[in-house]
1. Please enumerate the residues belonging to segment 73-88 that are charged (D, E, K, R) and within 12 Å of the chain's Cα centre (by Cα).
2. Do you know which residues across segment 117-133 are surrounded by fewer than 17 Cβ atoms within 10 Å (Cβ to Cβ) and either of a type in the set (A, V, I, L, M) or over 20 Å from W92 (Cα atoms) (or both)?
3. Just one of I135, I148, I166, I90 is in contact with a His (Cβ under 8 Å, 6 or more places away or on another chain) and among the aliphatic types (A, V, I, L, M); which is it?
4. For segment 130-165, give me each residue that is touching a residue at least 12 places away in the same chain (Cβ under 8 Å), farther than 22 Å from W52 by Cα and part of a helix (DSSP H, G or I).
5. Looking at the structure I just gave you, is R77 buried (at least 20 other Cβ atoms within 10 Å of the Cβ) and of a type in the set (K, R)?
6. Considering only segment 89-116, how many residues are farther than 19 Å from I51 by Cβ and surrounded by fewer than 17 Cβ atoms within 10 Å (Cβ to Cβ)?
Amino acid sequence: MNTLPKPPINLNNASALDKLIWFLGVGLGSGLSPKAPGTMGSLVVLLLYPIWIQIGLMASIIVIIIMSLVGIYICGRSADIMQVHDDGRIVWDEFAGQSIALLPLVYFYPLFSWWWIFIGFALFRLFDIWKPFPIGWADQKVSGGLGIMLDDLLAGIMAAIVFIAILNFVSLG
């Protein structure tokens with residue numbers, strides 16, 4: 001874990017649009033947590049779960065795709081503003097990845113409980129921190145906004161696959 005102090009963020013010369021993009025990039029402020037900003041960003045996403053249930057699986061997928069595509073720009077621009085590639089305080093990528101990891105619960109909605117939400121949260125955090133192939137490869141080899149987003153999108157997909165297997169086992173068992 002990187003315990004070095006984070007460089008200060010200077011928004012004095014940033015435009016209003018850049019300040020908005022940066023605020024989105026740091027997860028509406030959740031990424032500014034001094035401890036575990038990625039985890040804090042992922043926790044904020046848990047508040048979106050009731051919205052995913054209300055709008056249904058297909059609409060949730062569409063919103064998450066849009067969130068991911070827009071996130072490439074948001075994360076890349078936030079990194080430019082902060083002058084640090086993939087600064088840990090940029091957590092929009094966690095928003096998208098964690099949302100993907102929770103999608104199986106939208107499909108398996110009758111199994112809803114906070115316990116299942118915690119499992120989806122934990123699976124995403126596990127893959128995001130552990131970074132098995134191809135997540136680690138994407139984290140190291142892909143640059144810019146796409147690179148910032150891609151490892152978390154892959155972590156979300158891998159977490160969702162494992163989550164689907166667990167939910168299938170429980171619902172069929």
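Every number in this text was worked out from the coordinates using simple rules, so none of it is lab data. Keep in mind it's a predicted model, so treat the numbers as computed, not measured. Neighbour counts run over all protein chains shown; Cβ positions are idealised from the backbone, glycine included.
1. Let us first name the residues in segment 73-88 that are charged (D, E, K, R), namely 77, 80, 86-87.
Within segment 73-88, no residue meets the criteria.
2. Result: I117, A122, L126, I129, P132, F133.
3. Step by step, each of I135, I148, I166, I90 is checked, and only I148 is in contact with a His (Cβ under 8 Å, 6 or more places away or on another chain) and among the aliphatic types (A, V, I, L, M).
4. Pass one, segment 130-165, residues touching a residue at least 12 places away in the same chain (Cβ under 8 Å): 131-132, 134-136, 138-139, 143-160, 162-164.
The next check asks that each one be farther than 22 Å from W52 by Cα; those that pass are 131-132, 134-136, 138-139, 143-148, 151.
Within segment 130-165, I135, G136, A138, D139, G144, G145, L146, G147, I148, D151 qualify.
5. When the stated conditions are applied, R77 does not pass them.
6. Summing the residues that are farther than 19 Å from I51 by Cβ and surrounded by fewer than 17 Cβ atoms within 10 Å (Cβ to Cβ) in segment 89-116 gives 1.
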